[in-house]
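Written below as structure tokens is the structure these notes are about.
The values are calculated or read from the model by the stated rules, or taken from the named source; none is laboratory data. The structure presented is a predicted model; accordingly, all values stated were derived computationally and were not measured. All Cβ positions, glycine included, derive from the backbone under ideal geometry; neighbour counts span all protein chains shown.
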Ligand code: SF4
């Protein structure tokens, strides 16, 4: 059966909920945000409409994360506050899903018995069915260890009309010691290329101009697939197929793994007109010693070789990265190695995180080697200063250049200006005159800062 038809057939519309309001509260990464769009889609099929905030909602879904700092504390703090939310209106329903639910299972119910449904990451397409069952039978928990239906096949309500995420793969076969993903999202499963291409075409028909391919390890896409007995489709072949879609103007992807970058993928980024000139290479640490403790599968020298390979093929590429500061056992010398690699790599932007132990990960058990908060905070600031300096210099290369800018939204800080992104992914500000959200306009970069560019319409 067609997957979408199968999902629709699972949704038994409950007349008592038609016209009610739902809200999805999302913590964490893009994968979670995308799952939330799917959950919204299923709630709308069920006859509900989106509330502007949880205050106006009858049904609230909390999509949890376990990766970021203090995520567990934040979750249980939030659930504590939501007990009050439930009591303020009759028959409100509270659902909890996402990585924390998958990891903690019954613990969520023990700590927050007022939650109506606890659902894991592998069975999201059952969400409406579970809501119905909880109406009849009371609170319930359904966590399964194997994926039933790729959640990406579910209908979705997107946050943007012009940009969309497309999941190409779920799960991860790696075992980074700081990460909970392999245990809560399972082994890698790639979607078939034809399904991905069809979804992208459908999105373009709906007005989407930019897609971001999502997966935990996108550049190992396809290694689990065998199509018609032939060799697996590599990520670069998928990019080629997507590049041919008429009307699809921009293709981005996140997150790749440095160890799996092949020259052919970078050649594709260079060659394919619609694939953006941006590559994310999550360093995590520049120290070979720490990288080994993280089980990252590369060392300092191998990472530098990857950066060299990428820059040799595309000298002006925008490189971005993720770094964790203060991993257990990180010495000053280890941290200095990180600063050296950052200095060498000349990233445009680095997403920095202070190490925070996540229960269920191997790093959580390295307690003997935890580093004091003072040391972590000091290193974090030093890294931030260095990267701000590098970003400031790097962004200057755009000054007086012409760029194509996709207008995304009104700036949060100034209602007179729009923000958007140029091809390399840099955040760019522009006056609202004569342009609208969703336009792709030719602009000139007239000023730069370490954090964003300023542009004028050409
Ligand atoms: S590659 Fe490592 S950090 Fe990324 S999802 Fe897999 S285990 Fe987690």
Which of the following residues is farther than 26 Å from residue 337 by Cβ and within 16 Å of the ligand (Cβ to nearest atom): 253, 261? 253
Residues (part of a helix (DSSP H, G or I) and either buried (at least 18 other Cβ atoms within 10 Å of the Cβ) or within 14 Å of the ligand (Cβ to nearest atom) (or both)) located in the stretch 282-291: 290, 291
Taking the condition within 16 Å of the ligand (Cβ to nearest atom), over 23 Å from residue 421 (Cβ atoms) and within 20 Å of the chain's Cα centre (by Cα), does residue 302 pass? no
Since residue 299 meets every condition but one in (1) free of Cβ contacts under 8 Å to residues at least 12 places away in the same chain; (2) out of contact with any helix residue (DSSP H, G or I) (no Cβ under 6 Å at 6 or more places or on another chain); (3) surrounded by 14 or more Cβ atoms within 10 Å (Cβ to Cβ), which condition does it not meet? (2)
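Given the criteria over 16 Å from residue 260 (Cβ atoms), out of contact with any strand residue (DSSP E or B) (no Cβ under 7 Å at 6 or more places or on another chain) and within 16 Å of the ligand (Cβ to nearest atom), does residue 170 qualify? So that I can check it myself, show each step before the final result.
Values: over 16 Å from residue 260 (Cβ atoms): yes; out of contact with any strand residue (DSSP E or B) (no Cβ under 7 Å at 6 or more places or on another chain): no; within 16 Å of the ligand (Cβ to nearest atom): yes.
Considered against the rule, which asks whether it is over 16 Å from residue 260 (Cβ atoms), out of contact with any strand residue (DSSP E or B) (no Cβ under 7 Å at 6 or more places or on another chain) and within 16 Å of the ligand (Cβ to nearest atom), residue 170 comes out as no.
Considering only the stretch 302-333, state which residues are assigned to a helix (DSSP H, G or I), free of Cβ contacts under 8 Å to residues at least 24 places away in the same chain and within 16 Å of residue 263 (Cβ to Cβ).
305, 308, 311, 312
Identify all residues within the stretch 173-192 that are away from the ligand (no atom under 16 Å from the Cβ), surrounded by 20 or more Cβ atoms within 10 Å (Cβ to Cβ) and over 16 Å from residue 35 (Cα atoms); write none if there are none.
Taking the stretch 173-192 and keeping what is away from the ligand (no atom under 16 Å from the Cβ), we get 191-192.
Restricting the remaining residues to those that are surrounded by 20 or more Cβ atoms within 10 Å (Cβ to Cβ) gives 191.
Residues satisfying the conditions do not exist here.
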Here is a list: 55, 37. Which entry is at pLDDT 85 or above, surrounded by 16 or more Cβ atoms within 10 Å (Cβ to Cβ) and in the same structural domain as residue 113 (by TED's automatic domain parsing)? 37
Of (1) out of contact with any strand residue (DSSP E or B) (no Cβ under 9 Å at 6 or more places or on another chain); (2) in a loop (DSSP other than H, G, I, E, B); (3) modelled with pLDDT of 80 or more, residue 110 satisfies all except one. Which? (2)
Condition check for residue 156: modelled with pLDDT under 80, under 27 Å from residue 423 (Cβ atoms) and in a loop (DSSP other than H, G, I, E, B): yes
Residue 385 being within 18 Å of residue 283 (Cβ to Cβ), out of contact with any helix residue (DSSP H, G or I) (no Cβ under 6 Å at 6 or more places or on another chain) and without any contact (Cβ under 8 Å) to a residue 12 or more places away in the chain: yes
Which condition from (1) at positive phi; (2) at pLDDT 95 or above is the one that residue 453 breaks? (1)
Of the numbered conditions (1) farther than 27 Å from residue 203 by Cα; (2) modelled with pLDDT of 75 or more, residue 67 fails exactly one; give the number of that condition. (2)
Looking only at the stretch 284-294, decide whether some residue is in contact with a helix residue (DSSP H, G or I) (Cβ under 7 Å, 6 or more places away or on another chain) and within 30 Å of residue 247 (Cβ to Cβ). no
Sole residue being at pLDDT below 95 and either more than 24 Å from residue 314 (Cα to Cα) or part of a strand (DSSP E or B) (or both), chosen from 434, 442: 434
